[in-house]
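The values are calculated or read from the model by the stated rules, or taken from the named source; none is laboratory data. Worth saying up front: this structure is predicted, and the values here are computed from it rather than measured. Cβ coordinates were reconstructed from backbone atoms using ideal geometry, including for glycine residues, and neighbour counts include every protein chain displayed. Surface areas here come from the heavy atoms of the whole protein model, side chains and all, with no ligands, DNA or RNA. Shrake-Rupley method; radii C 1.70, N 1.55, O 1.52, S 1.80 Å.
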Amino acid sequence: MHHFHYAGTGLQCEQVSLETLARRFGTPLFVYSERTLTGHYQRLNKAMAPVDHQVCFAVKSNSNLGVLRVLANQGSGFDIVSGGELQRVIAAGGDPGKCVFAGVGKSEEEIAFALRHKVYSFNVESDAELQRINRVAQRLRRRAPIALRVNPDVDAKTHAKITTGTYENKFGIAFEQVESLYARAARLPNLWLRGVQMHIGSQLTSVKPFVEAVRKVAPLSRSLQQQYNIEFLSIGGGIGIVYDPALASGRADWWTSPAGRKILTPERYAQQLVPLLKPLNLRILMEPGRFISGNAGVLVARVEYVKKTGRKNFVIVDAAMNDLIRPAFYEAYHEIVPTTRSRTAAIPTDVVGPICESGDTFCKDRRLPRLKEGDYIALLSAGAYGSVMGSTYNSRPLPAEVLVRGNRVALVRRRQRTTDIWADESVAPWSR
Ligand code: LLP
């Protein structure tokens, strides 16, 4: 369930009109629904209740401090991939003791920082990294909690750029090598073998690959528990969401694809996985990002120009690929709706941004109601991998972000000032 819906003709986030927000804070503007964030968190938590578990929200999907605080207040832990993300979690009031530190390229500084803050576990991706963590821990006179990231070699059947669980990817340790690497790790004095981790990809819309991967990793985790007394298994993130038209077709529930496809719900996920996980008697960690934040955010933009060329209708808006790169980068579909519902007939429309690249396109020939200058549109499902992947390309300042709870509104990120973009730059002394 999400909380973006039309009330009369106006699109609302919870009880607040998006158009009012757009006028008050300007555009482009990210708007997040707190009820949607907490609803998703609680729904997954409830579905997984039969096993001892901890949800660790993937900070990479949305790292806004306001969003992190909402989830920290719910009891969420965090999946982090850099020292910067750990600093954000701390700044937002999250508990480092509920953080798992992932990623193939952790630097010595990042490892030391995370050790000092006592993260729950380092998810280790190579032999060289094990050695490095052991060395840093020795220097700091600590024992570093670690889990090896197992690559189960399962095809997640998702977009090539976001699949991670096969041997074609840079991630994890090949399944066949895991046992011997644990044996080596056990001989390193400053490591504490605390768990095992896997993650097979993102935006998975079927439970099958998860089941396949857990089936493969379960006997391994049992053996690791017997040998080293590990306490947890992390099954990673990757639960997919529905991006296709739902709101425009009058459906209020993004869990139901209009094509009637069965999609991945937390209940279906839990129903299939709990029977495999419960007998392990391990603590189960999950690292969902998109599932929690994806449909909890929209990007609101204003129509600058309408332009007809030949047979094409272009709607040029003030948001661009630097604000939401997913369509340009992954050919991702984001539903686009006007913030004021109109009865005009739909026409094939290309919604594009002002950036000087043809890739700066949000949709092509999509049937949308006729839009005119000054109208506002919302790009839906922009709460995950939206703002976090933003850049200042074309010297465009990063958008403002607001969080809505009921009828309350908080600015959780001020719009970047244009001069801030080059605040850290300077002219070489010889060219003054
Ligand atoms: N855990 C690990 C180890 C991961 O690599 C990821 C995502 C997650 C958890 C969270 O996955 P989620 O639950 O959000 O699917 N920028 C891309 C997605 C990249 C995902 C990278 N890893 C996109 O916009 O689709």
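Structural remarks
- Hey, Val104 closer than 25 Å to Val274 by Cα and assigned by TED's automatic domain parsing to the domain that holds Arg283 or not: no
Let's see how each residue does on (1) over 21 Å from Val100 (Cβ atoms); (2) under 26 Å from the mean Cα position of the chain (by Cα); (3) part of a loop (DSSP other than H, G, I, E, B):
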position	(1), (2), (3)
Ser180	yes, no, no
Leu188	no, no, yes
Gln197	no, yes, no
Glu212	yes, yes, no
Lys216	no, yes, no
Gln225	no, no, no
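- Reported count of residues in region 395-421, each being in contact with a Cys (Cβ under 7 Å, 6 or more places away or on another chain) and assigned to a helix (DSSP H, G or I), is 0.
- Residue among Pro397, Pro338 that alone is at pLDDT 95 or above and open to solvent by 30 Å² or more (accessible area, probe 1.4 Å): Pro397
- Criterion: in contact with a Lys or Arg (Cβ under 8 Å, 6 or more places away or on another chain) and buried (at least 21 other Cβ atoms within 10 Å of the Cβ) - qualifying residue of Glu129, Glu110: Glu129
- Enumeration of residues in region 378-394 that are more than 17 Å from Arg302 (Cα to Cα) and part of a loop (DSSP other than H, G, I, E, B): Ser381, Gly383, Ala384, Tyr385, Gly386, Gly390, Ser391, Thr392
Each row is one residue, and each column tells you yes or no for (1) of a type in the set (A, V, I, L, M, F, W, C); (2) surrounded by 23 or more Cβ atoms within 10 Å (Cβ to Cβ).
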{"residue": "Cys56", "(1), (2)": "yes, yes"}
{"residue": "Leu68", "(1), (2)": "yes, yes"}
{"residue": "Leu71", "(1), (2)": "yes, yes"}
{"residue": "Asp79", "(1), (2)": "no, yes"}
{"residue": "Ala91", "(1), (2)": "yes, no"}
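- Reported count of residues in region 176-227, each being among the hydroxyl-bearing types (Ser, Thr, Tyr), under 19 Å from Arg143 (Cα atoms) and touching a Lys or Arg at 6+ places or on another chain (Cβ under 9 Å), is 0.
- Glu168 more than 26 Å from Ser223 (Cβ to Cβ) and acidic (Asp, Glu): yes
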